[in-house]
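In what follows, a single structure is set out as structure tokens and then discussed.
Read-outs: derived from the displayed coordinates by stated rules, not from any lab. Bear in mind the structure is a predicted one, so any value in this text is a computation, not a measurement. Note that we place each Cβ from the backbone using ideal geometry, even for glycine, and neighbour counts take in every protein chain shown.
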Amino acid sequence: MMSAALSEWLHAFRIYTHPRVLGMLSLGFSAGLPLLLILGTLSFWLREAGIDRSTIGYFSWIGLAYGFKWLWSPLVDRLSLPLLTKLLGRRRAWIILSQITITIALVGMANTDPIDNLTQMVFFALAVAFASATQDIALDAYRIEAVALRLQGAMAATYQAGYRLAMILASAGVLWIAAAVDPSETTYDYSPWCTAYLVMAACMAVGIITTLIIREPEIPVSQLINENENHARKMIAHWNLNPQLTQILAWLYGAIIAPFRDFVVRHGQRALLILALIAVYRISDVVMGIMSNPFYVDMGYTKNEVATVSKVYGVIMTIVGAALGGVLTAKIGIMRTLFLGAALSAATNLLFVWLAGRGHDVTGLVFTISADNLSAGIASSAFIAYLSGLTNSAYSATQYALFSSVMLLLPKFIAGFSGNFVDTYGYASFFTGTALLGLPVLVLVWLAGKEKFNAPEDITPYSK
């Protein structure tokens, strides 16, 4: 019995040998590299430069670009880019344009000292955020279209593995590079950070090369899209407009209105419950995360300590959690894994309360980071699989962008006030509050779990 159960679990892990699942590793790397360079790692840089915590908290609002990406996702979903789309295909064209923009903006950040020109730093960080969010839109659409629903949990886990490996480079790598060329750990120097960010800009070549190698999903224009546009033309015909304007309005209906209408029609009253769950599912982690690096600085941890424990060991634990989450999703179902991930994510925030009372304690940091990142990996795999299952492949980029935008909008907004909260009440109260934010999530997962989870009929991709 025991041997049969072990064999069954080992067989479940074979989903990670699928070629397209393995291919998501490098694409995840491309997506994960820019994020911390404009959020967590940047907050470490800003704090070391003497920027006050409240300003660092406001800086996190740059991440709201990810929360509003649904506004331009219809363009990424439907608009062809001159020359690039013809050469690379619809998805790859947008991906590579985003990657080139990210590279240029990172070079701009590298050549900006926040002490001398904080406004310029905001400008380049915003450029990275918008280009990175656009890359996410196209990559998510590619991931959904590349394989069938049964492999989405594994795709999410492998994507996260690449994503987290890039985060090691964008966090620990930056700190190690800056520390290696920093003449003094006790005084601020701009040049080490410039060097580190230039290296990160060069590392975007990994994503660019990968995009040139991968194959475009063979997804023809959906019959549903044609039907919606034909329906729009019939309605607009009563307005007696010229043919060109009619065509434009019909395209806009198919690109912008139809994806959101499709979601509401398919789910009915459940749509509000689903959106509420999406809006708050990661709230504990996101709100807590923006103050984690300032917390490490204020507790006296050095760059090397944070790089080794939080940015390498912790990320490895996240990858392990993501792999476990992918298998759990296949074995016990998406909703049960969602509930488990939400409970663990909220509970492990309380470990930071314990760590705040211990001061500079590397052993305590290892334990706290291990538990927190393992739970985050489980939660992320289940959540990405859940969002992918809600998406209709006819509108994969637009609908997934809507879901992931809703996921970040409220948490990022609240995170902007995290510095003020810490200044007023301290770190222990802040981390306790982020744990309590996770309680409503458990209720919403339970309510959503009472309804049968159905993927849209049009979810199965054409490219295998």
Sequence order, segment 154-159: Karplus ³J(HN,Hα) from phi using 6.51 cos²θ - 1.76 cosθ + 1.60, θ = phi - 60°, Hz rounded, Gly and Pro as x, gives 5, 4, 5, 5, 5, 4
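Going by the alpha-carbon gyration tensor, a ≥ b ≥ c the square roots of its eigenvalues, is segment 325-403 rounded (a/c under 1.5) or, if a/c is not under 1.5, prolate (a/b greater than b/c) versus oblate?
Details: a/c = 3.56, a/b = 2.37, b/c = 1.50.
Prolate.
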Distance (nanometres) between label positions extended 7 Å along Cα→Cβ at Y425 and D52: 2.1 nm
Between the alpha carbon centres of segment 24-79 and segment 269-310 the gap in Å comes to 13 Å
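Quick one: grab the alpha carbon gyration tensor of segment 14-459, order the square roots of its eigenvalues as a ≥ b ≥ c, and give me rounded if a/c is under 1.5, else prolate or oblate depending on whether a/b is larger than b/c. Before the final figure, lay out the partial values.
Numbers: a/c = 1.80, a/b = 1.43, b/c = 1.26.
Here segment 14-459 falls in the prolate category.
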What is the set of long-range amide H partners of L437 at a cut-off below 5 Å, with H atoms built 1.01 Å from backbone N? none
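I need V362, V320 ordered by Cβ neighbour count within 10 Å, fewest first. Working shown, then result.
Values: V362 12, V320 17.
Final ranking by Cβ density, sparse to dense: V362, V320.
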Apply the Karplus parameterisation 6.51 cos²θ - 1.76 cosθ + 1.60, with θ equal to phi minus 60°, to every residue of segment 203-208 and state each ³J(HN,Hα) to the nearest whole Hz, in sequence, with x for glycine and proline. 5, 5, 4, 4, x, 5
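Based on the mean of other Cβ atoms within 10 Å per residue, sort peptides 376-389, 117-130, 330-343, 273-286 so the most packed one is first.
On the way: 376-389: 26.4, 117-130: 18.5, 330-343: 20.4, 273-286: 21.9.
Final packing ranking: 376-389, 273-286, 330-343, 117-130.
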For the pair L273/V199, report the inter-label distance in nm, with labels modelled 7 Å from Cα in the Cβ direction. 5.0 nm
Could you run the Karplus curve 6.51 cos²θ - 1.76 cosθ + 1.60 with θ = phi - 60° over segment 354-367 and give me ³J(HN,Hα) per residue in whole Hz, x for Gly and Pro? 4, 5, 4, x, 9, x, 7, 9, 5, 4, x, 5, 4, 4
D189 and V297 label points (each 7 Å along its Cα→Cβ direction) are spaced in nm at 1.8 nm
